[in-house]
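Report on one structure; see the data block that follows.
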Amino acid sequence: MPLVEIRGLTFCRGNRTIFDGIDLDIPQGKVTAIMGPSGTGKTTLLRLIGGQLRPQEGTIHVDGQNVSTLSRGDLYQLRKRMGMLFQSGALLTDMSVYDNVAFPLREHTELSASMIRHLVLMKLESVGLRGARQLMPSELSGGMARRVALARAITLDPMMIMYDEPFTGQDPISMGVIVSLIRKLNDAMGLSSIVVSHDVAEAASIADLIYVISNGKVVESGSPEQLKCSESPWVQQFMKGEPDGPVPFHFAAKDYVDDLLGDVSDV
Amino acid sequence: MQARTVEILVGLFIAAGMVALFFLSMQVSSLNKFSADEGYTVKAYFDNVGGLKARSPVSVSGVHVGRVESISYDMENYEALVTLLIDNEYKTFPVDTSASIFTSGLLGEQYVSLEPGGSDDFLQEGDEIRLAQSAVIMEQVIGQFLFNKAAE
Amino acid sequence: MFNKLQALGRSGILAIERLGRGHIFFWQLLKALPTVIVRFPLLIQQLFAVGVLSFLIIFVSGLFVGMVLGLQGYNTLVDFGAEESLGVMVALSLVRELGPVVTALLFAGRAGSALTAEIGLMKATEQLSGMEMMAVDPIKRIVAPRFWAGVISMPLLAAIFSAIGVVGGYLVGVGLLGIDGGAFWSQMQPRVDLSEDILNGVIKSVVFGVVVTWIAVYEGYDATPTSEGVSRATTRTVVHSALAVLGLDFILTALMFGE
């Protein structure tokens, strides 16, 4: 039974159709990557799964529950079992690293201060930042902030974690750290991970299953090896990162020579 | 900032606000004088109360001794009934004290002035002041003046 | 031509939409009161940020306003030989009008804009969104404590303003201009009524507190999550608060002090 089951999902924002009747299955216990060009609404998909947005048509089932029909209370209960890592980390800026990681525990449980301390230290240890626990978010580098956010996301031992563009803008070392953390945590804690990214190389290195989305539809899905041998030239261009191909380099324009020889006023 | 410091400062702030409210009530308004349990009430009937209002002052020889508690109209003897609240400090008004409605100063606020009589019995709670002089109504004075002038 | 009409209609509909959202938001803030009382430390924290930190500007402004009232009042009253009534004039002006209104305007500028900026920035950096995904309601956890702190702080600040203003008037009138100190208070006390003047002033300041804080937190919560959006929201807070306070002041004054 897949953990997340999406059927016939249609979502529009204003006049733009972002998703056009797509189907997706996120299997349990595995790392699933959702890739595609910028602006295809990959982050929107995570918000739909988390119930922050409602689809126009279609259903999203998380662990058997239909997300868009849940009451407010039930939705909040479900969210406690989902962890989400935002692109910027979204740490609470007026609290220290320790307080940020302790936040879900203090809000949702009645645990004693010493129990909370144990849990926070353990979670920070698993991301390698136990020594940084007194720093404030403004004192952290981007990569460190994301790791703290990751520690915070796993505090309540969720059943799944969603990563929104975790590799963007990272230096090679912190990139390597995040990549290995995603995989290790997934396997060590028996999580299911959904990684949204357009960083093909990194995502493909840890994903068990990849969905490629473009223009509101699932273009292709399969394991990384399957996708590398894909027959679609577009997927090939995407996976190899070639500058020109089915997605052209040049924006639509007139003939080059005609344009150069044109009138000065024809800007 | 330490949580304890924050709490102390918030406490001081709320205390300052309370002190300000208290100051306004006590020092700025008339709360500290003439609350209902510190005085006794007497009645007086007037033909015309003019511009007298509830809480208008009651004075004797210019000294503020009480206030008007309420003004109503008595449908049985067709006169205005004014209830005066007099401070307990001034217990010895003779029963034949008279009450008049005067106007004070330029700003024209009306008040009740008491003129003590000579009796040996004193006014008690609920007693009635028999001698009451109504307010001077401008229109009547002018009318009277014109009438007198015409008669000449 | 028609484009302009269409644009006008669209902005009108958007404005009504915003107003509607604002009222739903207000209702949620009211419902959050039990939660705020339970999470008392949050409220204390916000009372500090909103109330204690506004104390200085309110105190200094109140003092100066009271002193100016003393000066100007004396100049006018002395022509009528009524300078002994300075105390009445200063006290009534402050307690009925200047206390609640000026405090509300200063509060909107200092605390209101800070609240808008803070909440707007939290929205822009996805902290509110992140909180939602952690199953914590940002309205209950972040916005409501700030709202109720404003509602509680405003009447206290207005009282402080009025009280220190009267003292300022006393310092100028009696200390500087030589009015009799006893006359200052004794003329004032019978004329300032507890329920009619002071209580009405307190009611005004409570109403202003609700409206100004509501505008401030709503503008922040509803701001476009960019730096420009937050800056515009902050400006809107101050402008809308000022208009609302002055408009409500007229209505309340007419209701309370009219015949």
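The values are calculated or read from the model by the stated rules, or taken from the named source; none is laboratory data. Quick caveat, the model's predicted, so the values are computed rather than measured. For neighbour counting, all protein chains shown are included, and Cβ atoms are generated from backbone atoms with ideal geometry for every residue, glycine included. These area figures cover heavy atoms from the full protein model, side chains too; ligands, DNA and RNA do not enter into them. Shrake-Rupley method; radii C 1.70, N 1.55, O 1.52, S 1.80 Å.
Couplings 3J(HN,Hα) for region A:143-159, derived from phi with the Karplus relation 6.51 cos²θ - 1.76 cosθ + 1.60 (θ = phi - 60°), are x, 5, 4, 5, 5, 4, 4, 5, 4, 5, 5, 9, 4, 8, 6, x, 8 Hz, where x marks Gly and Pro. Between B:Phe122 and B:Met138, the distance separating the two model label sites (each 7 Å from Cα on the Cα→Cβ line) works out to 4.1 nm. Across chain A, Cα pairs under 8 Å and at least six residues apart give a relative contact order of 24 percent.
For A:Ala33, nonlocal amide neighbours, meaning residues 5 or more places apart or on other chains whose placed amide H falls under 5 Å from its own, are A:Val195, A:Asp208, A:Leu209, A:Ile210, A:Tyr211. Amide H to amide H distances under 5 Å link A:Val218 with A:Asp23, where only residues 5 or more positions off or on other chains count and H is placed in the peptide plane. Counting only residues at least eight positions apart within a chain, or on another chain, the aspartates and glutamates with an alpha carbon under 20 Å from that of A:Lys228 are A:Asp199, A:Glu202, A:Asp208, A:Glu220, A:Glu242, A:Asp244. Ignoring aspartates and glutamates fewer than eight residues from B:Lys91 along the same chain, the ones with Cα atoms less than 13 angstrom from its Cα are B:Glu38, B:Asp120, B:Asp121, B:Glu125, B:Asp127. From largest to smallest, the equivalent ellipsoid semi-axes obtained for region A:110-242 from the alpha-carbon gyration tensor read 33, 16, 11 Å. Checked against a 32 Å cut-off, the cross-linked pairs A:Lys217/C:Lys140; A:Lys123/C:Lys140; A:Lys30/A:Lys123; A:Lys217/C:Lys123; A:Lys184/C:Lys140; A:Lys123/C:Lys123 give Cα-Cα distances beyond that limit for A:Lys217/C:Lys140; A:Lys184/C:Lys140.
Taking Cα atoms only, the orientation of helix B:3-23 departs from the longest principal axis of chain B by about 10 degrees. Here the protein assembly as shown yields Rg over Rh of 1.18, to two decimals, using C-alpha coordinates and the Kirkwood radius.
Applying both filters, DSSP loop and at most 12 other Cβ atoms within 10 Å, to the chymotrypsin sites (Phe, Trp or Tyr not before Pro) of region B:53-152 gives B:Tyr78.
A simple count of charges around A:Pro2, restricted to other residues whose Cβ falls under 15 Å of its Cβ and scoring Lys, Arg +1 and Asp, Glu -1, yields -3. Surface calculation, 1.4 Å probe, protein heavy atoms: A:Phe249 sits at approximately 140 Å² accessible. Judged by the gyration tensor of its Cα atoms, with axes a ≥ b ≥ c, region B:48-113 is oblate; a/c meets the 1.5 cut and b/c is at least as large as a/b.
Rg over Rh for region C:33-108 works out to 1.22, using Cα positions for both radii and the Kirkwood form for Rh. Beta bridges assigned by DSSP with both partners in the protein assembly as shown are antiparallel in approximately 65 percent of cases.
Anisotropy class assigned to region A:30-173 is oblate, per the alpha carbon gyration tensor with a/c at or over the 1.5 cut-off and a/b no larger than b/c. Can you give the longest run of chain A that contains no GluC sites (Glu not before Pro) sitting in a DSSP loop with at most 15 other Cβ atoms inside 10 Å? No qualifying site falls inside A:111-230, the longest such stretch.
Largest GNM mean-square fluctuation among A:Met160, A:Met136, A:Met84, using chain A with Cα springs under 10 Å: A:Met136.
Using θ = phi - 60° in the Karplus curve 6.51 cos²θ - 1.76 cosθ + 1.60, the 3J(HN,Hα) couplings for region B:57-73 round to x, 10, 10, 10, 6, x, 9, 6, 10, x, 8, 6, 8, 7, 10, 9, 10 Hz; x is entered for Gly and Pro. The calculated FRET efficiency for the pair C:Gln28 and B:Ile14, based on their C-beta separation and a Förster distance of 22 Å, comes to about 0.25. Here the Karplus relation 6.51 cos²θ - 1.76 cosθ + 1.60, evaluated at θ = phi - 60°, turns the backbone of region C:77-84 into coupling constants of 5, 5, 5, 9, x, 10, 5, 5 Hz, with x for every Gly and Pro.
If R0 is taken as 30 Å, the Cβ-Cβ distance between A:Phe251 and A:Asn15 corresponds to a FRET efficiency of 0.90. Between chain C and chain B, the total buried accessible area stands at approximately 2400 Å², from heavy atoms with a 1.4 Å probe. Sequence-distant contacts, meaning Cα pairs under 8 Å at least 6 residues apart, place the relative contact order of chain C at 31 percent. Label point of C:Arg232 set 7 angstrom out along Cα-Cβ; within region C:1-40, amide nitrogens under 20 Å from it belong to C:4-23. Taking every DSSP helix (H) stretch of at least 4 residues in chain C, weighting each as -39,500 (n - 2.57) and dividing the sum by the residue count yields a mean residue ellipticity at 222 nm of -25500 deg cm²/dmol.
Given R0 = 41 Å, the distance between the Cβ atoms of A:Thr168 and C:Phe250 translates into a calculated FRET efficiency of 0.15.
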